[in-house]
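Structure first, commentary second.
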Amino acid sequence: MPIATRAFAAVASDQPLRPYSLQRRDPGPADVVIDIQYCGVCHSDLHAVKNDSGGTRYPLVPGHEIVGVVIAVGDEVARHKVGNRVGVGCMVDSCRTCPSCAGGEEQYCQTGTTWTYASRDPGGEAVGQTQTQGGYSDRITVDQAFVLSIPDNLPLDAAAPLLCAGVTTYSPLRHWKVGPGSRVAVVGLGGLGHMAVKLAVAMGAEVTVISTSDRKKADAERMGARHFLINRDREAMKAAMGRFDLIINTVSATYEISGTLSLLGLNGTMVMLGLTTEDLPVRAMPLIMRRRSVAGSLIGGIRETQEMLDFCGQHNITSEIELIAPDEISHAYERMERSDVRYRFVVDMSRLSAES
Ligand code: NAP
Ligand code: ZN
Ligand code: ZN
């Protein structure tokens, strides 16, 4: 019997999300069925709903910061038990054999990662799903290899954003070997940005936030940032030239980055995380003069996601959240578009059951 699932779906790029029903597959031998309790709202959900990069097929159930409790497992499942607190991030499958998958970086699967939503759904055909549908829903069936364990000391609602915002910032901080003495700047204090600040501070770095206004200054300092710059303040930006080893750029829109590049010191790297679709205006000279790099990074692998969750458990790191009901998601999107987010909206799925 397929699993009847209530959800909230986008039906067009310019309409509010609305209640939607779908079926999840019955658990196969390696599957875990999760009763979803909370799901974070990532700016990538908004990009997908607005069809920013083209190719969105409606109805679409977004959501890839999923946490909940296991309610059933297949016969071969050894990693998770009924009653365990678990999470699912941006991926639900991959080929598992290519060099990227073998190296634990399933997000770079060379034959194509199966994303939590908007991917072709190999297991969905039996239940009439042509594409994967995400976490703005009350049930999901996922292969155990893509299900993470949430440390006991972390509240589930505030842990949800770790599944995307957490690992997306943790991965480049680790890749570029941030530690005590590192000077890290975080551009954009939204969902990803505030996780980058907390994680980099916990790794021992000296962190600076670069924001569009001073509205979030007190919050940034409370999260452990030592310095705060406003990107339009030319004097302050000039004074910070050459100061950073790593810049984590989480801006969700295309903007002029050459000024920010000059803030890097010798061999410094700016990692672009925002899913902007336009060309980045980069001048060669600031790159050449200090052997600087511009790089990109995509979420993190499953092994690294568990490592990040355990790190957050040890350091008591969670997201700062605003809990909302499913019928408030579209309003939350409007607020995200105005950068009015402190610092992640999380949908309370128990309010889905009551409403639909
Ligand atoms: P968010 O919560 O909406 O935060 C984005 C922040 O960017 C805003 O709070 C704002 O910071 C800043 N910003 C927005 N528009 C700006 C502009 N025109 N100029 C300068 N700054 C601006 O978004 P998010 O969920 O953190 O996601 C950020 C981006 O990362 C999105 O594009 C998302 O799709 C992408 N993403 C990528 C990955 C990956 O694997 N690479 C994973 C998840 C998300 P201030 O208020 O401080 O100015
Ligand atoms: Zn995301
Ligand atoms: Zn692969």
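Take the Cα of MET1, step 7 Å along the line toward its Cβ, and report every residue of the range 28-55 whose backbone nitrogen sits under 17 Å from that point.
Backbone N within reach: 28, 33-35.
Starting with the highest mean, order 274-282, 216-224, 196-204, 34-42 by the number of other Cβ atoms within 10 Å, averaged over the residues of each peptide.
34-42, 196-204, 216-224, 274-282
Can you tell me which of 138-150, 175-187 comes out highest on packing, and rank the rest after it, using the mean Cβ neighbours within 10 Å? Before the final figure, lay out each step's value.
Details: 138-150: 21.5, 175-187: 18.8.
The peptides rank, most packed first, as 138-150, 175-187.
What is the spin-label model distance, in nm, from ARG96 to ILE288 if the labels are put 7 Å beyond Cα along the C-beta direction?
5.0
Could you give the distance between the Cα centres of the range 260-307 and the range 23-58, to the whole Å?
28
Rounded to the nearest percent, how much of the accessible area of the chain (1.4 Å probe, protein heavy atoms only) is carbon and sulfur? Please report the intermediate quantities before stating the final value.
Values: 7340 of 15050 Å².
That share works out to 49 percent.
Taking the Cα centre of the range 59-114 as origin and charging only Cβ (+1 Lys, Arg; -1 Asp, Glu), how large is the dipole, in debye to the nearest 20?
Working: 4 positive and 6 negative charges, 35 e Å.
For the range 59-114, the charge dipole is close to 160 debye.
Once both labels are modelled 7 Å past Cα along the beta-carbon direction, what's the ASP279-ASN51 spacing in nm?
Placing both labels 7 Å beyond Cα along the Cβ direction yields 2.6 nm.
Hey, rough spin-label estimate for ARG120 and ASP348, points 7 angstrom out along Cα→Cβ, what's it come to in nanometres?
4.1
Treating only the Cβ of Lys, Arg, Asp and Glu as charged (+1, +1, -1, -1), what charge dipole size does the range 247-314 show about its Cα centre? Round to the nearest 20 debye. Present the calculation step by step, with values, prior to reporting the outcome.
Details: 5 positive and 6 negative charges, 75 e Å.
It comes to approximately 360 debye.
Find the accessible area per residue for the chain; the probe is 1.4 Å, ligands and nucleic acids are left out, and the unit is Å². Spell out each step's value before the answer.
Values: 15050 Å² over 356 residues.
Value for the chain: 42 Å² per residue.
Got a sec? Charge dipole of the range 105-264, +1 on Cβ for Lys and Arg, -1 for Asp and Glu; which of LEU189, GLN133, ILE210 is way out at the positive end?
ILE210
Would you mind calculating the gained length between ARG215 and SER149 on full extension (0.36 nm times residue separation, minus the Cα-Cα distance), in nm to one decimal? If you can, show how the numbers build up before the last one.
Details: separation 66, 0.36 × 66 = 23.76 nm, distance 3.51 nm.
Roughly 20.3 nm would be gained on extension.
Of LYS216/LYS238; LYS50/LYS216; LYS177/LYS216; LYS81/LYS177; LYS50/LYS177, which pairs sit farther than 29 Å apart, going by alpha carbon to alpha carbon? Mind dumping the intermediate values first?
Working: LYS216/LYS238 21 Å; LYS50/LYS216 27 Å; LYS177/LYS216 27 Å; LYS81/LYS177 35 Å; LYS50/LYS177 35 Å.
Over 29 Å apart, Cα to Cα: LYS81/LYS177; LYS50/LYS177.
Answer with one residue from PRO19, CYS90, SER53: the one whose Cα lies farthest towards the positive end of the charge dipole of the range 1-159, charges on Cβ with Lys, Arg +1 and Asp, Glu -1.
It is PRO19, whose Cα lies furthest towards the positive end.
Among ALA325, VAL294, GLY265, which residue has its Cα positioned farthest towards the positive end of the charge dipole of the range 235-332, with +1 placed on the Cβ of Lys and Arg, -1 on the Cβ of Asp and Glu, and the dipole taken about the Cα centre?
GLY265
Assigning unit charges at the beta carbon (Lys, Arg +1; Asp, Glu -1) and nothing else, what dipole magnitude in debye, to the nearest 20, does the range 19-112 show about its Cα centre?
Working: 8 positive and 11 negative charges, 24 e Å.
The calculated dipole for the range 19-112 is roughly 120 debye.
Relative to the present Cα-Cα distance, how much length would full extension add between VAL11 and HIS331 at 0.36 nm per residue of separation? It would help to have the intermediate numbers written out before the result.
Values: separation 320, 0.36 × 320 = 115.20 nm, distance 1.57 nm.
Going from the current span to full extension adds 113.6 nm.
The values are calculated or read from the model by the stated rules, or taken from the named source; none is laboratory data. Since the structure is predicted, the reported quantities are computational estimates derived from the model, not experimental observations. Here Cβ is always computed from backbone atoms with ideal geometry, including for glycine, and neighbour counts include all displayed protein chains. Note: accessible area is taken over every heavy atom of the protein model, side chains too, but ligands, DNA and RNA are not part of it. Shrake-Rupley method; radii C 1.70, N 1.55, O 1.52, S 1.80 Å.
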